Amino acid sequence: MKVAIVCDWLNGIGGAERVVLELHRMYPEAPIYTSQYDPSKISWFKDADVRTTWLQHLPKSLKKFLPVLRAWTFSRLDLSDYDLVISSSGAEAKGIKTGPNTVHICYCHSPTHYYWIRTEEYLKRPGFPIGFNWLAKLGLKFLLEPLKRWDRQASKHPDIMLANSTHTQAMIKKYYRRDSTVVFPPVETERFKQRGKPELRHGFVVTGRQTPYKRIDLAVLACNELKVPLVVIGNGPEHKRLEKLAERNVTFLTNVTDFEMINHYQTALAFIFPTDTEDFGIAPVEAMAAGTPVVAYGKGGPLDYVIPGKTGFLFKKLRVESVVKALQEVQAKNFNYEAIAEHANSFSVLAFNRNMKTVVKEALDTSKV
């Protein structure tokens, strides 16, 4: 059986790339087609047959036009010679061509954010040089509707649509008008399991790229108010602002090893996940694998793994007082840390592989009927 894997790009490490890695492990001989690949930023695919498009050689000055160029490029990528194509996509890769004898399964991380979900944010901050932002905004507004039509049409190409969460499943139904099956993404839960005697838990931890929409400021301000320790792991454009907001109870760490990360998870009272824009969220499940409850905004991905009172708490509003209340609930609760770690196994690499194999087998069996 000839198998191909397709993804939007391979220029960093995130949830989408973890899915591609596991697909590569399932089908090590399958080539990986992608728009661009930067081995210096992601070393997982050194043994893989990664095939990039002409966009790989695009000058940096033109890379802001990538959504349009990716749409054009993927729509012309013909993989009709393959029996099975699995696309891992939250953008344009789902739009590839396949033949009548090809089964195309799309693992969808989200309907394309810049067309459907975070459009206003992209229009406000297109990211061009200051003198050209007005022109970029005008161009984006002009192109938005044609690109949305293309994206919706591209979403019809796969034979089977998978969603990484029930939230994404609802978004696929809303924007693409398609049914989908939820297959949770692979989380390396085994790596975060407690070994040996558990240490005394204290304080809270929050991780992630420090951008405005992650709302890490809510975690900082809530812990300031409660005068409790908070460890903030990561970096990003919001870093300096967060440092100014923080009081002495907050510690910032920008260069943390894997071992140190595991230790921070295993010794925290809870992991704080205050964003409202995550379609799933790998880091909270990693924390849960360490037995750590999660305090999250009650929307999106966390609804699939945060069981209030058992694996954490959900807060209803993106306000400091709402986070403070949830943290106080954590402080007053005696959690079963082993049960939380066990619950995280539902989102393990093993579970992902098992579920994907079931989907593939059923899809291939159906295509033969």
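Remarks
- Unmet requirement for P274, which otherwise passes all of (1) in contact with a strand residue (DSSP E or B) (Cβ under 7 Å, 6 or more places away or on another chain); (2) without any contact (Cβ under 8 Å) to a residue 60 or more places away in the chain; (3) more than 21 Å from R18 (Cα to Cα): (2)
- Number of the condition not met by A48 [criteria: (1) surrounded by 15 or more Cβ atoms within 10 Å (Cβ to Cβ); (2) in contact (Cβ under 8 Å) with a residue 24 or more places away in the chain; (3) closer than 24 Å to H157 by Cα]: (3)
- Checked against (1) among the hydroxyl-bearing types (S, T, Y); (2) modelled with pLDDT of 95 or more; (3) surrounded by fewer than 22 Cβ atoms within 10 Å (Cβ to Cβ), T311 meets all criteria but (3).
Yes or no, residue by residue, for (1) more than 22 Å from Y114 (Cα to Cα); (2) within 20 Å of the chain's Cα centre (by Cα); (3) at pLDDT below 95:
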residue: W9; (1), (2), (3): no, yes, yes
residue: Y27; (1), (2), (3): yes, no, no
residue: D47; (1), (2), (3): yes, no, yes
residue: P67; (1), (2), (3): no, yes, yes
residue: A93; (1), (2), (3): no, yes, no
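- Complete set of residues in region 155-166 that are surrounded by fewer than 21 Cβ atoms within 10 Å (Cβ to Cβ) and either closer than 15 Å to T277 by Cα or assigned by TED's automatic domain parsing to the domain that holds D279 (or both): T166
- Summed over region 210-250, the residues that are on the phi > 0 side of the Ramachandran plot and of a type outside the set (G, A, S) give a count of 2.
- Single residue of Y175, Y115 found to be in contact with a helix residue (DSSP H, G or I) (Cβ under 7 Å, 6 or more places away or on another chain), farther than 30 Å from V256 by Cα, of a type in the set (F, W, Y) and modelled with pLDDT of 95 or more: Y175
The values are calculated or read from the model by the stated rules, or taken from the named source; none is laboratory data. Keep in mind the model is a prediction, meaning the values are calculated, not measured. Please note: Cβ atoms are built from the backbone with ideal geometry, for glycine as well, and neighbour counts cover all protein chains shown.
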